[in-house]
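The values are calculated or read from the model by the stated rules, or taken from the named source; none is laboratory data. Worth saying up front: this structure is predicted, and the values here are computed from it rather than measured. Cβ placement follows ideal geometry from the backbone for every residue including glycine, while neighbour counts extend to all protein chains displayed. Just so you know, the surface numbers come from the protein's heavy atoms only, side chains and all, with ligands and any DNA or RNA stripped out. Shrake-Rupley method; radii C 1.70, N 1.55, O 1.52, S 1.80 Å.
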Amino acid sequence: MTGADVLLLGLGAVAVGAGVLVVGTRHLVRAGLYLVVCLGALAGMYLVLTAELVAWVQVLIYVGAVVVLLLFAVMLTRAPIGPSDDLDRPGWPAALIGGGAGLGLAAVLVDAYRWTAVELPAAGTAERLGDQIFRSWVLPFEVLSVLLLAALVGAIVLSRPEIGRPATDRNPARRVADAEGGRSR
Amino acid sequence: MRPVIPYVTAALLFGLGVYGVLRRRNAVLVLMAVELMLNAVNLILVTADTTVRAQLPHGGQVFALFVIVLAAAEIGVGLAIVLQLYRLRATVAVDEVPLAERSPASAAATSTGAAAAGGTEGAR
Amino acid sequence: MSPTILLGALLPAVPLVAGLTGLLLPPSPSGATTGEDRARRAAIALGVAGAAVALVLATALLVTLDAPTEASTTWVDLGGLTVTLGVRLDGAAALVAVAVAAVALAVQVYSVGYLRRGPHDDVDVDHRYPPYAAQISLFTAAMLLVVVAGDLIMLLVGWEVMGLCSYLLIAHDRRLPEAPAAAMKAFLVTRVGDVGFLLGIALLGVSAGSFRIADVLAHDHPTGTLTAACLLLLAGVAGKSAQFPLHTWLPDAMAGPTPISALIHAATMVAAGVYAVTRLYPLFDRAPAALAVLGVLASVTLLLGALAATAQDDLKRVLAWSTVSQIGYMTGALAVGSPPAALFHLLTHAAFKALLFLAAGAVIHAVGTTLMSRMGGLRRGMPVTFWCTVVGLGALAGLPPLSGFWSKDGVLAAAGDAALHGAGPAPSWVGWLVWLAGLAGVAVTAWYATRLLLRTFLGTTRSPLAHPHDPPAVLRWPLLLLAVPAALLGLAGFAGAFAERLRPATPATPERPSDLLPPELIHLGPQLLLPLALLALGAGLAWARWRRDPAADPATALGPLRPVLARAFRLDDVQHTLVVRPTAALARLVRTADEVVVDGAVEGSGRAASGLGGGLAALHRAALPRAAAGVLAGALLIGLAAVLIGGVA
């Protein structure tokens, strides 16, 4: 076992353990924090696997933005601070399907790779990944940027308070025209 | 480096994510479980980069980046929906969303007993 | 086209034109009385003119026709089956045409006076004369078409139009509540017969390959087809000529105006069945089974009609049942193989029955009721009517030397011949049946004829408020003119030329050479005494009963049988139970089936589709947890299947 293996094993254990706690805890806010631990461990694994850019992007976006958003949502939906009892649905279908999926996948992968060893490739630096993205994967990149724009617009539209109110309450004149930059409806 | 270690980790994380999606009642926790699943997939992609000699180098890592972008977009829209649902129903329990078209909303019978915060009793 | 053919073609055409033109006149008075008068006058002119011209044409035809002629053109060719337009003229057709036209003219003239506002009518009664006269003209045209038609389909057309006109005319007087029901009953009962008639014609036409009567008669039909076709034709005859079992409509049809009863239900339409059989007699000659059935029906009808007439109180109903009975004589003559005797009786019956109906109309017009129990002692006030009725009833009963005596004797002689000597195509038991029934019928006919005369004209007046008087000229002259043939037509039977015309035109074949001698219509001999004795017996019994108590009804002699006979052995009720109620029930069943099953299937399929859609939608409408579980479980199973089937490399 090389050092990389040891590191991977340890970080993997942390990730899986934190994951167990994310799906198992009765404290809503702690679930979010356990998710941070899990994602951080994963970032470490990426580093060991020489995927540097991915690791830093993981920390930046996942841990930095996504989890923050999740915690914001937890707070905005007035989650109780202490333990809650009604967080879970019946466990047997979840265990069945989740266990089946996870263990099945693990079995397949173990069967495929056994205890073989591979050489670690060249590091995935920003320069090398950028070279790949803007040469071979530029079209998906552009499509993704359009997708992000769509998601942005969609999130704004979905957040409007008029959705669901009866039509009499919707007054186009009360639209905040200055927030839209003077666009009329 | 033994690739089976990160692979098995990813498999277990995926299974945990599935478990979480099916087990949790709070919509935000369901989204957290979905994030677990997405991260498991990312790990597999990055590990595959080391085990598979692809024609395009670092293809797995590039895809992992794309998945991260997608996950960010998805969480943005998803949480907007969850917040709007909370505004209408004062609850984000996924099994309390009424599906029948003309039955009156059961918003009054929320488990938390919170009053409808500015939400209306309009039809879905 | 020879003149006779032209005459024959014009015969139905002229009244048809008169009728169609008359239908264009306004039926009811619109506004000023001058409008009503104009329309009525125009209708009268059209009707009388149409009938008069038809009579002239028919007489001309009778005079100029020396040999049977026939002409036709192909109208439709249905791939091997031809329908022709044509006329077939022989002596019988000419004579019957003259009779029809004469009675039609008499009725048209008589109706002018009958359908005028009389002393018993309300002030604002509307007789709707224009459609009435037009329908009579149409009817005349249809009957003449039946008489001259050279093609079975044309005959059928005339047949059906007659039925239609009969329906319209029976229901003419809208003040009577029973008229529409009577009209519907007449139409439906004759319709039942007409179905058989149509099938018989179809069988004959298909078998012969053409509907032309000459072709049908000349063709060699297989025996089974022939017998079946003849039996089916008899169904139509039974319906139109009111024979048992389709006789129930005729007494109820008396709800129509009396001139209509005279024209349609005494002289012409009911005789059309007999005439059709004589037209097609060569076919019936070869189907003894059909003739046997006809003989049975004739005997039953004869006695049924006569017995029912004995118990009626309504004057017109007595005459109606009498018609049923007399037509039984005619069909009986046909059954025993003597069409000339049947036609002779048809002609005399047309005269004396029309006379009787028109006289009854005069009586009803004067007294205001049709019930004999409210008449009596009318002889003093209405002498002309009285003597005309005597002539008519004498002819009916068979009193020599009036016409009915000679013609009825001809029928009885033919029946006796068939019974005793086996003459005629039918088996001899048919002859016995017809002969004995006919003889018994003579006695019963005499009885009810005498009763009618005594009840109506003699004895004390039972309706003191009426001031009976002889009818005005327009009603009287048709009576007087019809009394002449009613009295004297029988003597024409002595003329060979007359008898020769009555023989049906049969093409001579080597097996059956045509008779060189004219058929004997009049048989003078000792066999005349038996009917005369029975006549004296029947009349005497009625007169004796009346003498005992002039105020009472001689029908009380019938005792407990009277209600049964008055309702004609309750055959109406039998018909109602056997036919009307099941048909009505079937109609209700069909309607329910249509509403519940057919409509239900249509609506049910709609509802089922909606329900299925709703069910599927409910299944589909899964809450998020269930949907997520479904998706993920499905993905797991697919992955498992891929691993197991594909194998792990």
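A few remarks follow.
- Measure of compaction for the stretch C:528-575 (Cα Rg per 2.2 N^0.38 Å): 1.50
- Computed over the stretch C:347-445, Kirkwood Rh from alpha-carbon pairs, angstrom: 15.3
- Average beta carbon contacts from partner chains per residue of B:46-56, 10 Å cutoff: 4
- Counting only other chain Cβ atoms within 10 Å of each residue's Cβ, the peptide A:50-59 averages 5.
- Relative to the longest principal axis of the Cα atoms of chain A, the long axis of helix A:91-113 lies at roughly 40 degrees.
- The long axis of helix C:581-592 is offset from the longest Cα principal axis of chain C by roughly 30 degrees.
- Close amide H partners of A:D88, meaning residues 5 or more places away or on another chain with modelled amide H under 5 Å apart, are B:R25.
- Shape call, the stretch C:221-375: gyration tensor on alpha carbons, a/c limit 1.5: prolate
- Here is the interface size for A with B: some 7500 Å² of accessible area buried, both sides summed, with a 1.4 Å probe.
- Surface per residue (accessible, 1.4 Å probe) for the stretch C:527-649, Å²: 69
- Note on chain C: Cα Rg divided by 2.2 N^0.38 Å, N the number of residues, gives 1.21.
- As a fraction of the 1.4 Å probe accessible area of the stretch A:48-96, surface on carbon and sulfur atoms comes out at 75 percent.
- In the stretch A:1-94, the C-alpha radius of gyration followed by the widest Cα-Cα span (Dmax) gives 15.4, 48 angstrom.
- Computed from the Cα positions only, the extents of the stretch B:4-97 along the three principal axes stand at 51, 23, 12 Å, in decreasing order.
- Over chain A, the fraction of Cα-Cα pairs per 10 Å bin, rounded to whole percents and listed from the shortest bin up, is 7, 20, 27, 26, 14, 5, 2, 0.
- Sorting C:165-173, A:22-30 by average packing, meaning the other beta carbons within 10 Å per residue, from highest down gives C:165-173, A:22-30.
- Rounded D (µm²/s) - the stretch C:549-649, Kirkwood Rh over Cα pairs, Stokes-Einstein at 37 °C, 0.692 mPa s: 149
- Interface burial for C against A (accessible surface, 1.4 Å probe, total of both chains, Å², rounded to 100): 500
- Note on C:L612 and C:Q527: the extension gain reaches 21.8 nm, defined as 0.36 nm multiplied by sequence separation minus the Cα-Cα distance.
- With the convex hull of its Cα atoms as the shape, the stretch C:71-118 has an orientation-averaged projected area of 5.7 nm².
- Within 10 Å of each Cβ in A:132-142, the average number of Cβ atoms from other chains: 3
- This model, with +1 at the C-beta of Lys and Arg and -1 at the C-beta of Asp and Glu, gives the protein assembly as shown a dipole about its Cα centre of some 2160 debye.
- The Rg/Rh ratio of the stretch C:230-297, with Rg taken over Cα atoms and Rh as the Kirkwood radius over Cα pairs, comes to 1.04.
- Largest first, the three principal axis extents of the alpha carbons in the protein assembly as shown are 152, 70, 57 Å in whole numbers.
- What the phi angles of the stretch C:235-251 give under the Karplus curve with 6.51, -1.76 and 1.60, with θ = phi - 60°, is a coupling list of 4, x, 4, 4, x, 5, 8, 6, 9, 4, x, 9, 8, 5, 7, 5, x Hz, glycine and proline written as x.
- Acute angle (nearest 10 degrees) that the helix C:152-170 long axis makes with the longest principal axis of chain C, alpha-carbon atoms: 80
- Hydrodynamic radius of the stretch C:182-291 by the Kirkwood approach over all distinct alpha-carbon pairs: 14.4 Å.
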